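Input: a single structure, listed below in structure tokens.
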Amino acid sequence: MHFIFDIDGTLCFNGASISPAIQDALAELEHQGHRIGFASARPYRDMLPLLDERFHDGLFVGSNGAMIWRRRTLVDLTPLPDDTLEQLFELTERHAASWLADLDWHYHYSGDPAHPFMSLVDPGRLARHVERGAVRRAAKLLVTDCADSDGLQQALARRSDIRIHHHSDQQIVDITAAGVDKAAALARHGIAAEEMVCFGNDSNDIPMFAVARHSVQVGEHAQLGTLATERIARGDDTEEQLIATMRRLGERFAAA
């Protein structure tokens, strides 16, 4: 069975680390013969520092499905078309928005480097900030601030060449090429829905929850709640509940 995990709010609760106990539980799943993978709004560059080296040969679906990294190699990238990207740049300028563009490894940020979100970008200091003119084949464009948010949202909603990924706990939006989501990326990689157990907590996990054989929601989210097989409440014992659920499902599906 494939066990696929979102990162932030699912395995990582402080934006900076995944506990040793959770990582040991991940390793237990592998020892039971399951295959584990990670699917996040983060690019794979920003997932790797959160996990031990023992997991770095695994499957990383980054930027909400726009990129797949496996065995320490980028094996798939669905970038925003360059003409679309230029039009998005014009929109962000018109509506006074700051944005982050994640490329296949490096990135460019147009706003204030002190923005709180930037503490999550390249935590391992593995990449570099490139000039605006070097932004090509971006996996995603993330809007961090906007003086005219309603106007930008309306302009984006009229476009058919992009996919907008909202985050319920942050006033930001991710923009990828049309058709990009976590479930589509996993399917392209050959992971059948009936062979997938997924864990997630936010809107960008909905496509996985809609097709997975078994889905585990961490915390509250109304839309996920209608799709989830089971839910782990957020509280002081969330980590303990998460590990217990991983072990229970690992045993259940190892025997299936």
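The values are calculated or read from the model by the stated rules, or taken from the named source; none is laboratory data. A quick note: this is a predicted structure, and the numbers were derived from the prediction, not measured. Note: ideal-geometry Cβ built from the backbone for every residue, glycine included; neighbour counts use all protein chains shown. Surface areas here come from the heavy atoms of the whole protein model, side chains and all, with no ligands, DNA or RNA. Shrake-Rupley method; radii C 1.70, N 1.55, O 1.52, S 1.80 Å.
How high is the relative contact order of the chain, in percent, with contacts defined as C-alpha pairs under 8 Å that are six or more residues apart?
20
Among GLY33, GLY225, GLY65, which one moves the most in a GNM of the chain with springs linking Cα atoms closer than 10 Å?
With Cα springs under 10 Å in the chain, the top fluctuation among GLY33, GLY225, GLY65 is at GLY33.
Which whole-number percent is the relative contact order of the range 104-243 (Cα, under 8 Å, 6+ apart)?
14
Which of ALA66, ALA222, ALA212 moves most in a GNM of the chain, Cα contacts under 10 Å?
Top of the fluctuation ranking is ALA222.
Can you give the accessible area per residue of the chain, in Å², using a 1.4 Å probe?
44
Pick from PRO43, PRO81, PRO20: which residue has the top mean-square fluctuation in a GNM of the chain where Cα pairs under 10 Å get a spring?
Largest GNM mean-square fluctuation: PRO20.
With all protein chains present, how much of the accessible area of the range 58-156 (probe radius 1.4 Å) comes from carbon and sulfur, to the nearest whole percent?
It is 47 percent, rounded to a whole number.
Per-residue HN-Hα couplings for the range 219-229, Karplus 6.51 cos²θ - 1.76 cosθ + 1.60 at θ = phi - 60°, whole Hz, x for Gly and Pro?
Per-residue couplings from phi come out as x, 9, 6, 4, 5, 5, x, 6, 10, 5, 6 Hz.
Which of the trypsin sites (Lys or Arg not before Pro) found in the range 47-82 are loop residues per DSSP with 12 or fewer other Cβ atoms within 10 Å of their Cβ?
Answer by residue number: ARG71, ARG72.
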